[in-house]
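Let me begin by presenting the structure, written as C-alpha cells, before commenting on it.
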Amino acid sequence: MVQGGEDDPRGALVRPYAMTRGRTEPTREIAIEAVLLTMQQGVEASRYAGRDRQLIASFCNDRAQSLAEIAARLSVPLGVARVLVADMITEGILTLYEPLEVGDTAERINILERVLIGLRNL
C-alpha cells in the first residue's frame, strides 16, 4: 500500500475535507460571482487562521477576488472555498460585496457594458 505522495489520488480527496474540518455547508450563502476583499484588520488576523485562510486573505488583500477566482487559485472545489470564505467573513477577515439583485437588470447591463469597454481598452 502506497502512503501519501503527490501522485497519490487519496491526498486530493482528503485535503478539502480536512480544510473545512468536515463541514460541507457554509454558514451563509455566497454567490459564485460575489466579490471579496480583505479587511484591514483581516491581514493581521489571517496570520493566525491557518495556511489556507492566510492564502485567501493574501489573494484578496490588494485586489478584490470573486469566490470562483479564490477556488481556482486554491485548486479546491467551489464548495470548499465557499465554506472557508463564509467563515472568514464571520471572523471579520474578509468583507463581502454581494452581486446585484436579480431584478435590477438595467444596472447589471450597465456594469457589463463598462466591463466590455474596459476589456476592449486593454
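State all residues of the stretch 19-34 that are at pLDDT 80 or above and either of a type in the set (G, A, S) or buried (at least 17 other Cβ atoms within 10 Å of the Cβ) (or both); if no residue qualifies, say none. Hits for the stretch 19-34 are I30, A31, A34. Within the stretch 30-47, residues that are without any contact (Cβ under 8 Å) to a residue 40 or more places away in the chain have Cβ atoms under 7 Å from residues that are surrounded by 12 or more Cβ atoms within 10 Å (Cβ to Cβ) and among the small types (G, A, S) in these pairs: V43/A57, counting only partners at least 6 apart in sequence or on another chain. Against the test of being out of contact with any strand residue (DSSP E or B) (no Cβ under 9 Å at 6 or more places or on another chain) and either modelled with pLDDT of 90 or more or not charged (D, E, K, R) (or both), the options I93, I109 yield a single qualifying residue, I109. All conditions but one from (1) open to solvent by less than 40 Å² (accessible area, probe 1.4 Å); (2) out of contact with any helix residue (DSSP H, G or I) (no Cβ under 8 Å at 6 or more places or on another chain); (3) in contact (Cβ under 8 Å) with a residue 12 or more places away in the chain apply to G50; the one that does not is (3).
The values are calculated or read from the model by the stated rules, or taken from the named source; none is laboratory data. As the structure is a prediction and not an experimental result, all values here were calculated from the model. Note that we place each Cβ from the backbone using ideal geometry, even for glycine, and neighbour counts take in every protein chain shown. We work out accessible area using only protein heavy atoms, side chains counted, and drop any ligands, DNA or RNA first. Shrake-Rupley method; radii C 1.70, N 1.55, O 1.52, S 1.80 Å.
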